Structures are given as structure tokens and as C-alpha cells.
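Everything below concerns the one structure shown next.
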Amino acid sequence: MSFVVRQISKRADGGDIIRTRTLEAPEITIGRGTDCDIQLPDLGVMLRHAKLTQLASGLVAIEATGGIPLEIAGKFLNRADLSVAETPEINIASHRLTLAPGEAPGAIAITAERVIAASDAADAAAETDIFSLRGAMPTKRTMAWALVALVFIIGLAWPLTEMIGRSPTLPADMVAAAARPANDGKGNKLTPALSAEAEAAHRGAFKPDVVWTSGPLSTAHAGLSRNCGSCHQQAFVATTDSSCVACHKPSVVPDHASAQRMAKGRLVPTGLGAAEAGIHNAFNLPEGRCASCHKEHEGPDGALMVAQSFCTDCHTGLSARLSDTKISNVSNWEDHPQFKATVVRAASATTPVFERVSLAGKASEQSGLLYPHDLHMSRTNSVANMVLKQGLPAKNGALSCNYCHTSDSDGVRFKPIEMEKACGACHDLAFAKDGPIVRTLPHGKPEQVAGIIRDFYLSQALSPRAGVQRLAFERRQPGRMAELELSGLRFASPAEARVRADAAIDSIFAKNGVCADCHVIRRTGASDAARRYEVAPVSLADHYLPKGRFPHNQHDSYDGKTGDAACVACHKGVPGSKASTDVLLPKVEQCRDCHGSPKVSTNVAASCNTCHGFHYGEGGQGGDYGPAKPKPATIAGAKAGKPGSGPALAGMPAGVASASGGAGAALARRFGG
Amino acid sequence: MASRSQPGGRAVTRAPRDIAHEGFLTHARSRWLKISLGLSALAIAVYVLTDPAPRPNGGSFAGYLLGTIGALMIVWLSLIGLRKRIITTKPFSLKAWTSAHVYLGLSLIVIGTLHTGFQLGWNVHSLSYVLMMIVIISGLYGIIVYARLPAQLSANRNEATQPQMLEAIRTLDRQLDTAAQPLDKASADLVRMSLEECEVSGNLWERLTGRHPKCGNKRARDAVQDIVSQQMRSGKPDPALTQILFLLERKDAALAQARRHIRMKTQLEIWLYIHVPVTMALLAALIAHILSVFLYW
């Protein structure tokens, strides 16, 4: 009945110290307490942890006395009977007891050892881990390699796979949209070609090479945002014009001038600029490429944001380099030359002659029409009475500007003036009444007039009908459109009717007749009444400043004024103009009141492209009605004695007045025959 | 004394030395500070005097100029990692090199930002800029802690070495272990908490802040303090527990000192764990940036 206890403890150098004791007792205690038979210096052990009792030879009972179960063969038990022959192991906290048959008969050997090391073995390596960041973070080298790999993969390798493997295609509807004229004359400006949905569809899936973008594309090109190859076609070669013209055909976006003239006109840089140009040329980036002006990846407005300096680079002192140019030198808006209006020099039914005249002096033109603005804008004269009686749009009797000058569909300019609409309310060409039907002389066909009048009189002589009345063009009360019955419309013979008809024709074309109100009439001296009178042709300019755009609708209100007041705020001479030879356009100084003047608070835009366009073709007129189509003013006029040759009076510009001072009196007059 | 006689009669002249310590920030009367300010002013002048259309960016004449200067500077600045491993006084002393590194690096804030033309986006170009700014700001932080912390570190250390600090804690642990042997389980468990659930350093956050809210020693000390206080109110406290409390408090003080030391050392070291790896990432991003610009010219 004895227990042989072998307690093993570790030496500092790693060796074992074994103490052996023999306890002659049937029962021994195990615990941390100093009174225990087997003392385990382990704070995880209870003061009295367990009791070991020998039951029989080779059989012991172990019982937990500290309230903590014992771990025996993987199970936690409060009590167990153990066969010593099986060398059972009992785990208590960090210690293990192993039972085995002792050497002496009936003796039981107990080996007690610490199997989990005490936690105070910190060494020099631990010191570094504790006091430096090595213990808490990966090394700098590891992190550096990881980050470098990440950057190379995302920033270089991945986009490269996209660049090498692609075959870009241009979206068909974007190409179609680019083929549209910049301005088709119906107010359709070059706007973002696609709907938001269509654009999103073009963007398509994410492409890794978008990490190379240097900024968002312009709105018009946004559909190409994930289609880098459509412009960046070749590695290490800057985007070429061929990428641009793949969609933007020269027929739609014409050149400003021929490349050769452009190169000649361009300012030769000096100093730093020369160095820059040299570098550009060395890298195959010469001036005059599309991308010289249109920089992409600059945000929604980017590609169309072109600096004024691009224009003045050439137009400053242009005449010195391009000696045959007709364009004035311009270095900036402040020294923009005076406007040169395209005015009619000689009216003609077929080949009117136009001339560009500076507005610096008192410009005049020869449209052939007689029209005094002052008469029509008076508030006190007979015209004003007529206007009021008829209820025409007017302010206090002064005829409104837009009664004749009606704006076109996009509000930029004005529709051609039609005589019947604009003048007919007062200058009425009715000459007879046939029952309920009013018979009217055709405007613009003087050669027809003589025949119509003659036929009218002759038919009345041969077969007089009741209810047919001749209306007089003679003076009548303003506003009274009442027809005047002529009692004497009865003829003794056709010869008499013929004489009366000739007299009527003479009175229509006479100096104070109805035509002469607005037209210059020349007597040819021919005996035939149809060839006796010639109406001077009328040609009206329909665009005085065709190289620029002036959107009238954006100037509806001006300087706090609206309506007619706004019109005459710029077209100052109109209310007082007595003759249609006056050119009533504002001068360039008028624009500077608002545009680009530091003196006014409404300092609105005044860059070149506020009014001018670059891709308007060599004439500079492409911005109005599609591309590169020089468009002379509408021709209108009629010539007596040339049957069938006279088109109807069609166009009338802003500010044309009568050439005949005396013609005003004829307004409120009808002439009879 | 500038010279002295040697046996053999040869006079050796000592190199003149500054008596007062001159840091890298004021080296050579702040020569590099002046150069950097001049460089920044020049960059601003180039930016302001050129008028690129439609707006300033890296692709303009000034943009390429500033970008080239900036890229060359970044490469040179990163070479300090090699330079500091070579012990020499030429062509620059390491102090001069460091001074130039710091001030030229700071001037990159101006040069780099102007190179961007203030256009940033989710792309490889802005990545380079952001990485550069991270490197510069971490470096700026490094200068600040290098100027402030060493004195505090020295004061906190109070002549003790790092091994001594650890040894003090270990000694207290052994004493606690011994002193706790006669205690009952509840009290012994408290002591085990101090021994087994108490890490001196901890994770990165604990190191940076010096705060260990779950520190086993602190919890053990509070618990034992409660028990002892209770015993004091009801009569005589257990002397063994009082002894344990005394040891726990001493350990607390030792831990606090060590942790303050660790906190300051971490603050002194942490910026390099950003500065150096991000510099490498920046060099990679620069390569990607420059290459991609010309791949998609």
C-alpha cells in the first residue's frame, strides 16, 4: 500500500529535475495547498483538488474534491475507478498525473509534471515584437510588393489586355447623328446625338482601360466612354484627324479655309511659343489638327470649348501674312472692325447686285422699294388712324414692328415679307365687285394688269351684267373699305370701253396711282398699254450680316424694354427713317453695350464664336442653312414688259424705307379709272 | 583647442565642427527650404502665366513641364532609401540629403497639384496623385513626430532599457504567481487573469493609442481592490490578498510605462510603414500613368 510520487520540474536550461517520494498511505491528496501530498504550484489547481484512494491491488479511485471535474481520457469526471495497469492519465490544469504499477509489489507510481509551460519565458525576439511594429504589421517590404503588384495589375496589365485584344466598332446611330448638318435651318442645332438610354447602351459593360481616362468625355461623345479604341487607335500615336472624320465628314463640317491658306495665315510663333511648336512638331502633333482646338476628356462641354485665342492667333495681323485676304484684321473683340452690311446695290429680278458696306458712315442701299418707316410708325398721321380703325397690332397707332417682320421658326431671323400679308390691309388691289366676288389685281405681275382691266371693260361693254361694280382706288375715308359704285359703267360701244379701259390703266400706273405708292414706275412710251409702264425691280436683302449669327429671340427684351421698344433700342434710326435707302442696322458699338464691356454688370459672353462659326466653310456662312452654301439674299422683284418673268414680292429686310419722299401722301388714296 | 602636438612633432588639425546641434530642418541655413520655395514659386508662375485652352491640365505645355519635373523629383526622393544605406559624406552628407528630401518633397505638393490642373477622377493618373499626397502627408507626420516624441520617449523611459521594462513585468508576474499559491480558487483565478490575459503590446490600435481596455491586470486589480475594500470595511483584510493587490498595482505602473513607450515608438515607426510601401506603389503608379498617357496619346 504505497504511492511512489515522482515530481518533474524543468530547469532553466531545459533539463528535468525529478524528485521522488514514497508515501505509505491508502489515500493521498492532490492540490495547490502546501498540506497536500502531491502539491502542484499551479494557480489553475484548487487548494484541495482531488483525492486518490487505493481500492485493491492495481485499482484506485480518484475523486474531485475541489468542485472541478478531472479530465481523464478526454472526459471530465468527478469520480473514476482506474486500473493502474492501463497507465491512466489525469489532467489537472497545466499538470498531468500518470499512474503506473510501481516496482515494489502493490506499489503505484505517480508521475506529476507540468505539461503546459508557465508563461514567463519571454526572450529577446519577443522584445522586438513587443516594442517595434514588427509584431503588429506585415513588413514594409511585404506591403510594398503587394501594393506594387496591385497597382501594376489594375493600372497597367488589366487595361493592356483590353487594348491588345479589342476591335472597336463605331455605334451606327452616333455616326448617323454626326452626319447631320450642324444647323439644318429648322432650328436643329448640333446637340448631343443620343438619348440617355441609347448612350447608356453604347457605354456597355465596364472596360478595364477606362482607368486610363484622363477625364470625362464631352456630352456628344459620352457614348464612346467605354470604346477607347474608337479614337485611340494606335499605341504611342496621338489621336489623328482620321479618327475624327470617320464620323464627322468634311461635307458636314467643312474646313475654315484650305489647309494651305490656313498654314499661311497662321502666326509664326517666336520664343517660348516657337519651342513649344517645335516640340509639338517633333512629336507629330502639328498645329491644325482637329485636336489642336478640340480637346477631349475635359468634361461635358470640353470638345466644344474652343478658346478665342485660336481665332485671333491667325486673324491678328492676318493681312500681313495673307496679302490677298478680304477679311479685316481682328485681334480681339474690342477692336472688332465696324460691321459691313451686305446691301443691295442694284435691284434686279434675276441678278441683283449686292455690296458690302461699312456701317461706319451713313450706309445706303437701293432695294427699289419705296417705304418710309416714319410714316408707318407715327402715332398721329392718317396711317395711325387707318391702323387703329382696322385694329391692326399697334401701340397707340404706331404699327408694330412684328406686323411686317415676323420671326422665323427658330426665332433667329425673320420670314420674307409678303406684300399681301404685310401691306394688303391698306394697300388693297381690289378693283371690282362681281356680285359677292371681289376682283383683285395680281401683285407683282404688272403686265397682267393691263389685260385684266381691258377685258373687264370690254366684257361689260359687250354683255353688261347687273351687279358688276367698278371699285375706285380713289381717296376715301380711312378705314372705310366700302366699295364705290360707278353709275357710269355703261358703254355705248366697245371703242368707248377701250378708251375707258386705257384711261383706267393709266390711272393705276400713274404717278399718284396705286402702284406708285411703293414702286418706281417708268413710262416706256409704248402705245400698247400692256407695255407702256415698267415697274422698277425690287430686291430685298434678307440677311445683312451673313457671316455672323444674331439670334433675335435671345434679345426679345433689351435694357429692360420689350416689344417694339426693344427693337428700336438697337435699330435706333427706324422710327425717324424717311427713306428705304437708309440702312437701319446697329453698329458694333451697340453690341458692346452688353457684350464684353467691363462697364456693365451684365457682362455677357463676347468670344468670337458668340456670333461666328469656324466650320462654316470659306464663305463663313455655313452656320445658317447647312454647310458651306454661300447664300445671297432672297431676290424679289418684278419688271413690267417682261411677261411672266416677275416673281412675287417676297423678301423684306429689317429696316428698309421708301425712297420717295412724296409717296407717303399716296398711302391713303385709291385710284380710280 | 584647434590643434595639439602629437608625439613625433606632427601637428594634426581637427576639422572645425559646429558645437551646437543643427538638425536637418535648418541645415545650411535652410538652404533647401529656400530652394523649394523658389521652385514652388516658379511652378505657380508657369501655371499662372500660361493660358492653356480649354483649361489647365497635365496635357498642356506647362502640364508636361511640371509633370516631368515632378516625376524626376519623385524618383530622386525615393533614392534616399539607397542613400541612407551608404555611409559617406559625399556628394552630400546624409543630413544635407535628408534636408533636401524633406523640402523638395514638400514642394511636390505645389508641383504635383498644378500638374493635375485640379482635375481628379477615378483613374490611374489621379491614383498617382493621391498616392503621392499620402506619401507626402505621412512624411510630414514623420517630421512632426521626430521633432516632438524623442524627448517624451526619453522622459518616459526614465533610464530604463526595454529589456529592463519587460524584466520588471516578468518579475512581478513571478511574485504574483508565488504569492497566489495559497489563495482560494476565486482569488487565484483573478491572479491568473493578470498573468494570462495581459498583453504588454497588443494589436496595432492598442499600440497606437496605448489604451488596453480589456487588460487582464487592470481587471484583476479592480476586482482584488473591491474585495480588499470590502474586507477592510468588515474587519481585517486578508494579508495575502493585500500583498496581491500591492503586486497588481506595481504591475499596472510597470505596464503603463511600457505601454507609453510602445505608443510613442509606434507613432515614431508607423509613418514609415505607410511612407515606404506607398512610395513603391507610387513609383508603380507613375510608370502606369506615364505609359498609359502615351499608349492612349
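Tabulated values for the structure
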quantity: Looking only at segment B:284-294, and only at residues there that are surrounded by fewer than 20 Cβ atoms within 10 Å (Cβ to Cβ) and of a type outside the set (Phe, Trp, Tyr), the one that is nearest to B:Ser60 (Cα to Cα); calculated: B:Val293
quantity: Among residues of segment B:197-228, those that are within 27 Å of B:Gln267 (Cα to Cα) and within 14 Å of chain A (Cβ to nearest Cβ), counted; calculated: 17
quantity: Identity of the residue in segment B:245-278, at the interface with chain A (Cβ under 8 Å from one of its Cβ atoms), out of contact with any Ser or Thr (no Cβ under 7 Å at 6 or more places or on another chain) and free of Cβ contacts under 8 Å to residues at least 12 places away in the same chain, that ends up least open to solvent (accessible area, probe 1.4 Å); calculated: B:Pro277
quantity: Every residue from segment A:351-403 that is at positive phi and open to solvent by 40 Å² or more (accessible area, probe 1.4 Å); calculated: A:Gly391, A:Asn396
quantity: Count of residues meeting criterion [basic (Lys, Arg), over 25 Å from the mean Cα position of the chain (by Cα) and surrounded by 14 or more Cβ atoms within 10 Å (Cβ to Cβ)] in segment B:204-225; calculated: 3
quantity: Selected residue [in contact with a Leu (Cβ under 7 Å, 6 or more places away or on another chain), surrounded by fewer than 17 Cβ atoms within 10 Å (Cβ to Cβ) and not polar (S, T, N, Q)] from B:Asp184, B:Asp189, B:Asp173, B:Asp177; calculated: B:Asp184
quantity: Which numbered condition A:Val253 misses (of (1) open to solvent by less than 60 Å² (accessible area, probe 1.4 Å); (2) in contact with a helix residue (DSSP H, G or I) (Cβ under 7 Å, 6 or more places away or on another chain); (3) modelled with pLDDT under 85); calculated: (2)
quantity: Qualifying residue in segment A:43-50 (condition: among the basic types (Lys, Arg), open to solvent by 30 Å² or more (accessible area, probe 1.4 Å), out of contact with any helix residue (DSSP H, G or I) (no Cβ under 9 Å at 6 or more places or on another chain) and away from chain B (no Cβ under 14 Å)); calculated: no
quantity: Of all residues making up segment A:208-231, the number that are part of a helix (DSSP H, G or I) and within 12 Å of another protein chain (Cβ to nearest Cβ); calculated: 8
quantity: A:Gly479 at pLDDT below 80 and part of a loop (DSSP other than H, G, I, E, B); calculated: yes
quantity: Matching option when the condition is away from chain B (no Cβ under 14 Å) and surrounded by 13 or more Cβ atoms within 10 Å (Cβ to Cβ), among A:Arg96, A:Arg114, A:Arg134; calculated: A:Arg96
quantity: When residues of segment B:119-171 are limited to those that are of a type in the set (Gly, Ala, Ser) and closer than 30 Å to A:Leu217 by Cβ, the one nearest to the other protein chains (Cβ to nearest Cβ); calculated: B:Gly121
quantity: Scope segment A:66-93; condition surrounded by fewer than 16 Cβ atoms within 10 Å (Cβ to Cβ) and within 14 Å of another protein chain (Cβ to nearest Cβ); matching residues; calculated: A:Gly67, A:Pro69
quantity: Output for segment B:46-79, where each listed residue is within 14 Å of chain A (Cβ to nearest Cβ), under 35 Å from the mean Cα position of the chain (by Cα) and without any contact (Cβ under 8 Å) to a residue 24 or more places away in the chain; calculated: B:Tyr64, B:Leu65, B:Thr68
quantity: Cβ-Cβ under 8 Å pairs, at least 6 apart or on other chains, segment B:279-297 side within 19 Å of A:Ser214 (Cβ to Cβ), far side part of a helix (DSSP H, G or I) and of a type in the set (Asp, Glu); calculated: B:Tyr296/A:Asp209
quantity: Single unsatisfied condition, A:Ala569 versus (1) in contact with an Asp or Glu (Cβ under 9 Å, 6 or more places away or on another chain); (2) open to solvent by 50 Å² or more (accessible area, probe 1.4 Å); (3) assigned to a helix (DSSP H, G or I); calculated: (2)
quantity: Residues that are more than 27 Å from A:Val387 (Cβ to Cβ) and among the charged types (D, E, K, R), drawn from segment A:422-476; calculated: A:Asp434, A:Lys445, A:Glu447, A:Arg454, A:Asp455, A:Arg465, A:Arg470
quantity: Count of segment A:281-300 residues which are within 18 Å of A:Cys314 (Cβ to Cβ) and open to solvent by less than 60 Å² (accessible area, probe 1.4 Å); calculated: 7
quantity: Test: residue in segment A:214-224 that is closer than 22 Å to A:Trp158 by Cβ and without any contact (Cβ under 8 Å) to a residue 60 or more places away in the chain; calculated: yes
quantity: Residue list for segment A:530-563, filter: acidic (Asp, Glu) and open to solvent by less than 40 Å² (accessible area, probe 1.4 Å); calculated: none
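The values are calculated or read from the model by the stated rules, or taken from the named source; none is laboratory data. Being a predicted model, the structure only gives us computed values, none of them experimental. Neighbour counts run over all protein chains shown; Cβ positions are idealised from the backbone, glycine included. The protein model used for the area step is the full one, side chains on, heavy atoms only, and it has no ligands, DNA or RNA in it. Shrake-Rupley method; radii C 1.70, N 1.55, O 1.52, S 1.80 Å.
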